[in-house]
Amino acid sequence: MKRLNTTLSRGAPLGVEELASVGVSSALANYYVKTGWLLRLGRGTFAFPADEMEPYKCIAFLQAKWPHMHLAGGSALRARGLATPWDPESAFECWGANAVRLPDWFTECFPARYQQRCAPTEKTGAATGTSLVEIRGAVVLASEPERAVLEVLSSAVGTSAAGLRAMATSLRDQVPLRANLLEREIERWPRAGVRAAADALRLDHADKSEHRR
């Protein structure tokens, strides 16, 4: 039990693989649940009873289970220290190519939603537009800012073309973007309305660059 307490990460879910790495079998884990040393979160998932769950450690745990899931949109921007003023800080937006249902133990602790959405190139196995971010003791997969901006625009369901363009301008003022990467993301994005709004953002960026000269 001492090895269990001193070796494994605190504030994070514990899967059967993590427990096995310190010599705790499934049977022993069940015994620890009965004696109060472990808390069962869900099937094959445990935690230390006194621990407060750290959201990014939970997300890293889920991403190990579903490698194609990533933090998207405003959640990705926040993870990179680029929070937008109008995005609710408590909500976690996750996107991925596969059909996934976030476990209750996670959504009951943290407001979150998952969308089975991805850029077309991901379906061929090419992982672009995302990278690993270290935050609060965890390493999570999150969209790069240029992709996150388009994910924010894509999530604005029912917004008019003018509204999307206004949102793009607001993002331009808040989020530093790399022109070459933004260009790549716009060209491969599936929604025409989002491409049009982001194209205006790209032109705005070009106008500003020309003005600075």
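Scanning the stretch 61-77 for residues that are buried (at least 21 other Cβ atoms within 10 Å of the Cβ) and outside any helix (DSSP H, G or I) yields a total of 4.
Taking the stretch 127-151 as the range and being open to solvent by 20 Å² or more (accessible area, probe 1.4 Å) and either basic (K, R) or in contact with a Gly (Cβ under 7 Å, 6 or more places away or on another chain) (or both) as the test, the residues that pass are R136, E144. Just a yes or no: is a residue in the stretch 19-31 touching a strand residue (DSSP E or B) at 6+ places or on another chain (Cβ under 7 Å) and surrounded by fewer than 14 Cβ atoms within 10 Å (Cβ to Cβ)? Checked against the condition, which is being touching a strand residue (DSSP E or B) at 6+ places or on another chain (Cβ under 7 Å) and surrounded by fewer than 14 Cβ atoms within 10 Å (Cβ to Cβ), the stretch 19-31 yields no hits at all.
Of all residues in the stretch 180-192, those satisfying the criterion of being open to solvent by 40 Å² or more (accessible area, probe 1.4 Å), touching a residue at least 24 places away in the same chain (Cβ under 8 Å) and under 21 Å from A162 (Cα atoms) are P190, R191. Selection of the stretch 163-173 for residues being open to solvent by 70 Å² or more (accessible area, probe 1.4 Å) and either at positive phi or in contact with a helix residue (DSSP H, G or I) (Cβ under 9 Å, 6 or more places away or on another chain) (or both) yields R165, T169.
Taking the criterion of being open to solvent by less than 10 Å² (accessible area, probe 1.4 Å) and among the aliphatic types (A, V, I, L, M), would at least one residue in the stretch 91-99 satisfy it? No, every residue in the stretch 91-99 fails to be open to solvent by less than 10 Å² (accessible area, probe 1.4 Å) and among the aliphatic types (A, V, I, L, M).
The single condition among (1) touching a residue at least 40 places away in the same chain (Cβ under 8 Å); (2) part of a helix (DSSP H, G or I); (3) open to solvent by 40 Å² or more (accessible area, probe 1.4 Å) that T6 does not meet is (1).
Residues in the stretch 16-37: is at least one under 19 Å from P103 (Cα atoms) and not in a helix (DSSP H, G or I)? Within the stretch 16-37, none of the residues are under 19 Å from P103 (Cα atoms) and not in a helix (DSSP H, G or I). In the stretch 42-59, the count of residues that are open to solvent by less than 10 Å² (accessible area, probe 1.4 Å), in contact (Cβ under 8 Å) with a residue 60 or more places away in the chain and assigned to a loop (DSSP other than H, G, I, E, B) is zero. When P176 is tested against (1) under 20 Å from C58 (Cβ atoms); (2) open to solvent by 30 Å² or more (accessible area, probe 1.4 Å); (3) not aliphatic (A, V, I, L, M), exactly one condition is not met: (1).
The values are calculated or read from the model by the stated rules, or taken from the named source; none is laboratory data. A quick note: this is a predicted structure, and the numbers were derived from the prediction, not measured. Because the Cβ atoms are built from the backbone with ideal geometry, glycine has one as well, and the counts that use them run over all protein chains shown. The area values use the complete protein model at the heavy-atom level, side chains included, leaving out ligands, DNA and RNA. Shrake-Rupley method; radii C 1.70, N 1.55, O 1.52, S 1.80 Å.
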